[in-house]
Amino acid sequence: MCTNCETHDHSNGILGKFTELYFAIASGLFLLTGFFLEISSGFGQIIQLCFYLAAYFFGGYFILKEAILVIAKGRFEIDFLMLVAAVGAGFLDKWAEGALLLFLFSLGHALEHYAMGKARKSIAALTDLVPKMAFLKRGAEVVEVPLDSLKIGDLIIVKPNSKIAADGIVVRGEGSVDQSAITGESIPVDKIAMANTEEIQNSSRTIANEHRVFSGTLNGDSLLEVQVEKVTADSTLSRLVNMVHDAQEQKSETQLLTDRFQKCYVPAVILLVFVLNFVFLVVDETWSSSFYRSMAVLVAASPCALAISTPAAVLSGIARAAKGGVLIKCGRPLEDLGGLKTLAFDKTGTLTEGKPKLTDVIPLGNIGKDTLLAIAVAVESLSDHPLAKAVVRDGKAQLADRKLPIAENLTAIHGKGLTAQLEGRKVGIGNVKLFDKNKEELDDSLQELILKLEKEGKTLMLVQQEGTFIGLLALMDVPRSTTKQTIVRLRRLGIEKMVMLTGDNQRVADAVANEIGLTEARGSLLPEEKVSEIQALLVPEGKLAMVGDGVNDAPAMAYSTVGIAMGAAGSDVALETADIALMGDKLETLPFAIALSRKAHAIIRQNLWISLGMVALLVPATLFSWANIGVAVIFHEGSTLLVVLNALRLLAFKSR
């Protein structure tokens, strides 16, 4: 996932998985001690040298180890040349410079390797969503079997409040399934049995969603019998695992360019320094003069400033981001985020609160609003349906301490609503389907009101008492209070296109997008369809970021240029897969992250010009003996110090 960050396993170090980080810290402590001894009086050079050598050892241990592994594969990288430069600095009695170089790089490597280890855990987090065993129905008996033993056509029993073990079709039972982990839908989806099971094999692609269930989703309080449609390896969740894995194996364009540069630059410098040792054979000078020139060129050509310029800026940027409530896992997303013009958002839990909320209570006729609400709360309190719980929760909050009537004799009508007795009267609450026999009582004004609320993306409940409609309730997963303001700030930062990708239906998606000011919305998307949308957006846009919080967003985040996860509300998979996490579940920190990224990108570009420009000046100067080693070291150290100080400016960054 990170630029210049290959997968190296340091988990077997003598100090555990953090050995590399501990070594980097030790290098810094020895360097600092040696520096204070050097500027103090009363300490011999031998003592100073011992501390610098210790800093060399701890800072260079893992870098040298990786360099050996890379060289064994026939490749050279900048890290190898950096080691040569550190040795050259020691040869020239510039131990502090060499130790500082090794310390900064060892710290950067340790942090990047740690981030890679966290990213690999996302695959394990995905697979943990599926139960290890399934209840297989064989004739009249039910046996518990390993998940891998299931075959297409097997019948499995899904108990209430348990996870579904396989992709399949409901053939018996009905109930609600929380499939937010797969589709991102904020409200559990009603499932009913497919009437004619013989049609499953012949029409698997046309089976309605109300019959289909996915592995890893959570069953409600009903018992379901499911016919397995896909084996474990082909399940929706398994495809998510493969998508995340494949995306994490891909290298960024910057990383590929860096790899190509290293393959050419490092061997070229080594060859040049080697050849310069033999210039005395063709030029009238001594071997010592040729060796002196080669060492001067080595100092001039060693890309210390180049090598430090990006890590120093990245570390400063990451530190400043953390202080501002943004976790950035490595340098690549820090560089990329600021250059993006397009953002894709998940809806549920990202742009919205992630739960249904009672938004409208509309009385009809002569009934009062509080009376209507009291009736609805009394009846809905008998149900465990998520929408009923939302009505009860928000209704009680609006009614305060008002004493509620007591309902009884609940009858739930799946997919439609419910009826109950309240103070001797029959009350029905549900969607229009519940009142099919009374459709003639829906006058034009009421139908227009229903159509208006549905266009706003709201879920409607009609309330009927003794055959007469007395009111209308509307619920919706509402936008976060800060969402609209955040979208405005993003537009001011130059984000030209903002797209919502959601599992909710298109009507709901359009309503939310219009309310908060998004460019467009694309609804009814499964995780693989979100990936397809990301890939389609990448063609004209080139780069984009995906902001999400759920498991269903993980593949899309992995395939986007930058994946951004909501922090506290985000699933473990989204957090592990994403490049950036907004801590504290605050979407309003996204504009800060983008502004910081732009500043970091500008500083990295400045540092590259400084470092490459210095190399371009010093190499010819030392090659033609216009400058000696002393001059080369002064300018070399000056450029290194300059890029570090320039990078540290990020620590004081303030977003407008």
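The values are calculated or read from the model by the stated rules, or taken from the named source; none is laboratory data. Everything numeric in this text was worked out from a predicted model, so none of it was measured. In this analysis, Cβ positions are derived from the backbone assuming ideal geometry, glycine residues included, and neighbour counts consider all displayed protein chains.
Points worth noting:
- Selected residue (only one of Phe57, Phe105, Phe43, Phe76 is modelled with pLDDT of 75 or more, in the same structural domain as Leu31 (by TED's automatic domain parsing) and not basic (Lys, Arg)): Phe57
- Neighbours by Cβ (under 9 Å, 6+ apart or cross-chain): first from segment 338-353, in the same structural domain as Ala513 (by TED's automatic domain parsing); second acidic (Asp, Glu) and modelled with pLDDT of 90 or more: Lys341/Glu496; Thr342/Glu496; Ala344/Glu533
- Segment 603-656, residues that are modelled with pLDDT of 85 or more and not in a helix (DSSP H, G or I): Phe624, Trp626, Phe653, Lys654
- The listed residue being farther than 30 Å from Lys17 by Cβ, modelled with pLDDT under 85 and not in a loop (DSSP other than H, G, I, E, B), out of Glu210, Glu198, Glu144: Glu198
- Applying the criterion of being aliphatic (A, V, I, L, M) and at pLDDT below 70 to the residues of segment 119-140, the residue that is farthest from Thr217 (Cα to Cα) is Ala119.
- Pairs meeting the criteria (first residue in segment 48-60 and farther than 11 Å from Ala86 by Cβ, second residue aliphatic (A, V, I, L, M) and in a helix (DSSP H, G or I), beta carbons under 7 Å, at least 6 apart or on different chains) are Gln48/Leu37; Phe51/Leu37; Phe58/Ala26.
- Filtering Ala397, Ala376 for residues that are in contact with a helix residue (DSSP H, G or I) (Cβ under 7 Å, 6 or more places away or on another chain), of a type outside the set (Ser, Thr, Tyr) and in a helix (DSSP H, G or I) leaves a single hit, Ala376.
- Residue selected from segment 244-303 under the condition among the aromatic types (Phe, Trp, Tyr) and at pLDDT 85 or above, by the criterion surrounded by the fewest Cβ atoms within 10 Å (Cβ to Cβ): Phe274
- Residue in segment 321-332 that is under 19 Å from the mean Cα position of the chain (by Cα), of a type in the set (D, E, K, R) and modelled with pLDDT of 85 or more present: no
- Selection status of Leu92, modelled with pLDDT under 75 and out of contact with any Cys (no Cβ under 7 Å at 6 or more places or on another chain): yes
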